[in-house]
1. What number of residues in segment 228-273 are touching a helix residue (DSSP H, G or I) at 6+ places or on another chain (Cβ under 6 Å), open to solvent by 10 Å² or more (accessible area, probe 1.4 Å) and at pLDDT below 95?
2. Please specify each residue of segment 105-126 satisfying the condition of being open to solvent by 30 Å² or more (accessible area, probe 1.4 Å) and at negative phi.
3. In segment 163-176, which residues are in contact (Cβ under 8 Å) with a residue 12 or more places away in the chain and surrounded by 11 or more Cβ atoms within 10 Å (Cβ to Cβ)?
4. For Val47, state whether it is assigned to a strand (DSSP E or B) and modelled with pLDDT of 80 or more.
5. What number of residues in segment 292-315 are out of contact with any Ser or Thr (no Cβ under 8 Å at 6 or more places or on another chain) and polar (S, T, N, Q)?
6. Test each condition in (1) open to solvent by less than 30 Å² (accessible area, probe 1.4 Å); (2) modelled with pLDDT under 95 for Leu214 and report the one that comes out false.
7. Can you give me the number of residues within segment 324-338 that are out of contact with any helix residue (DSSP H, G or I) (no Cβ under 6 Å at 6 or more places or on another chain), in contact (Cβ under 8 Å) with a residue 24 or more places away in the chain and either open to solvent by less than 60 Å² (accessible area, probe 1.4 Å) or not in a strand (DSSP E or B) (or both)?
8. Tell me, please, whether a residue that is modelled with pLDDT of 70 or more, small (Gly, Ala, Ser) and on the phi < 0 side of the Ramachandran plot can be found in segment 7-27.
Amino acid sequence: MKRYVVAGFGGALAGVVLATQVAAPLLAQERGQTSSVYEQLDLFGDVFERIRNQYVDDVETAQLIEAAINGMLTSLDPHSGYLPPDDFDDMRTQTRGSFGGLGIEVTQEDGFIKVVTPMDGTPADQAGVEPGDLITHVDGESLMGLNLSQAVDLMRGPVGSEIIITVIRDGVAEPFDLSIIRDTIRLQAVRVRTEGNNVILRVTTFNEQTFPNLRDGLQEAIDDLGGLDELGGVVLDMRNNPGGLLTQAIRVSDAFLDRGEIVSTRGRDEGAGERFNAQSGDLIDGKPMVVLVNAGSASASEIVAGALQDHRRAIVVGTRSFGKGSVQTVVPLRGDGAIRLTTSRYYTPSGRSIQALGVSPDIVVEQPRRQPIEEDQAEAPPRTRSENDLRGRLDNSDITDDERRQLEDERRQAEDVARMRQDDYQLAYALDILRGLTALNGR
């Protein structure tokens, strides 16, 4: 009995020692951290009042607070920031597919404004803006020292007005100017066309219309071909796609997967992550796929490419993607504004984080820069002679008329793809791969 009393007394003594030697310092540390936070807030208040009372010009209080909030957020990473009410409205409009502007997705890198991608068919695209371009000046005004939000504000303006941007581009010795006329941007999320018996799905953005456009356009193309049995394969072209809604990236991935994980997100807290899995059903029933990406493919487009690549559902062709592997949450605030805050990183099904690394293609194919065609190059190359051109040749009586027509169709499709290399080498390469995969599947 005495042993238990001694043991109990020892436990109580140990508890007292623990409380005084361990808990007390922890509580003191917590109080110190709280005190430090309040001291920093007092410092902010002192600076705020000093600016209001002594700055050379009168400054709007709301402007100071907005700048302080935005500075706090942009110091975290390039994708976090404050959205004033007008910007918040613009963002919500963009996800619906129509907005005003130049049509470029930009980020900030080493103090420069860097083009992630120009969107298809927009003023920036038509003016010749390319992924990776660095914008140094807007209408002659330097962007150095400005944050991303301030630089974007300089590029805004009325529809129909002109803007001159100064660009630095890899491979070009000197900076040069581009003139762009601002316009209303109406994005068609997905454009569908057929080449032979293959369907090309050009996905330009991930907004609320992306999956419905893809599903309906694909089905219409399959019906025009005569049904799923007549479909050779699909090219999913996501080059220069800056991303968009995570939910749409998941639905597009799910459209071609029968099972398995699509993407997972992991945040600050271990238990706060999410996993998104594919549901049964493949819109093209396992037909061959090629995915096209380049340095302008970011965010949601990288989720789709990574998922299809990890599941060996598609061959990824092109160049390394942009490498935006973070997820932003838009949190509405009082006063109709919002903050865009990076809350997690996303991972492909194999557990890869592509943050700052991008998706590496299975087959690297560079897109050659367009070269002006000289007059002496404009003529078509001379046609080569074959057995069919020889007088008195033997006819091939071992082939039926239907087989002859099929061979002619296949030759014509191959020639069409060869001609396409002049305009879009990467797409032509993807179609060549798809035709090879289709031939193997047919065997």
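The values are calculated or read from the model by the stated rules, or taken from the named source; none is laboratory data. Please read all numbers here as calculations on a predicted model, not as lab measurements. Methodologically, a virtual Cβ is constructed for each residue, glycine included, from the backbone with ideal geometry; neighbour enumeration extends over all protein chains shown. All accessible areas refer to the heavy atoms of the entire protein, side chains included, with ligands and DNA or RNA removed. Shrake-Rupley method; radii C 1.70, N 1.55, O 1.52, S 1.80 Å.
1. Just the residues of segment 228-273 that are touching a helix residue (DSSP H, G or I) at 6+ places or on another chain (Cβ under 6 Å), to begin with: 228, 231-233, 235, 238, 241, 243-244, 248-249, 251-253, 262-263.
This time we only want the ones that are open to solvent by 10 Å² or more (accessible area, probe 1.4 Å), so: 228, 244, 248, 251.
Now restrict to residues that are at pLDDT below 95: 244.
Residues that pass the stated criteria total 1.
2. Within segment 105-126, Glu105, Gln108, Glu109, Phe112, Lys114, Asp120, Asp125, Gln126 meet the criteria.
3. Step one: of segment 163-176, the residues in contact (Cβ under 8 Å) with a residue 12 or more places away in the chain are 163-171, 175.
Once the filter is applied, which keeps residues that are in contact (Cβ under 8 Å) with a residue 12 or more places away in the chain and surrounded by 11 or more Cβ atoms within 10 Å (Cβ to Cβ), segment 163-176 yields Ile163, Ile164, Ile165, Thr166, Val167, Ile168, Arg169, Pro175.
4. Working: assigned to a strand (DSSP E or B): no; modelled with pLDDT of 80 or more: yes.
No; evaluated as a whole, the condition is false for this residue.
5. Of all residues in segment 292-315, those out of contact with any Ser or Thr (no Cβ under 8 Å at 6 or more places or on another chain) come to 292, 299-300, 311-315.
Then keep just the ones that are polar (S, T, N, Q); that gives 299.
Qualifying residue count, segment 292-315: 1.
6. Just one mismatch for Leu214, condition (2).
7. Applying the first criterion (out of contact with any helix residue (DSSP H, G or I) (no Cβ under 6 Å at 6 or more places or on another chain)) to segment 324-338 yields 324-335.
Cutting the leftovers down to in contact (Cβ under 8 Å) with a residue 24 or more places away in the chain gives us 324-328, 330, 332, 335.
Okay, now just the ones that are also either open to solvent by less than 60 Å² (accessible area, probe 1.4 Å) or not in a strand (DSSP E or B) (or both), so 324-328, 330, 335.
Counting residues in segment 324-338 that are out of contact with any helix residue (DSSP H, G or I) (no Cβ under 6 Å at 6 or more places or on another chain), in contact (Cβ under 8 Å) with a residue 24 or more places away in the chain and either open to solvent by less than 60 Å² (accessible area, probe 1.4 Å) or not in a strand (DSSP E or B) (or both) gives 7.
8. Initially, segment 7-27 is screened for residues modelled with pLDDT of 70 or more, giving none.
No: segment 7-27 contains no residue that is modelled with pLDDT of 70 or more, small (Gly, Ala, Ser) and on the phi < 0 side of the Ramachandran plot.
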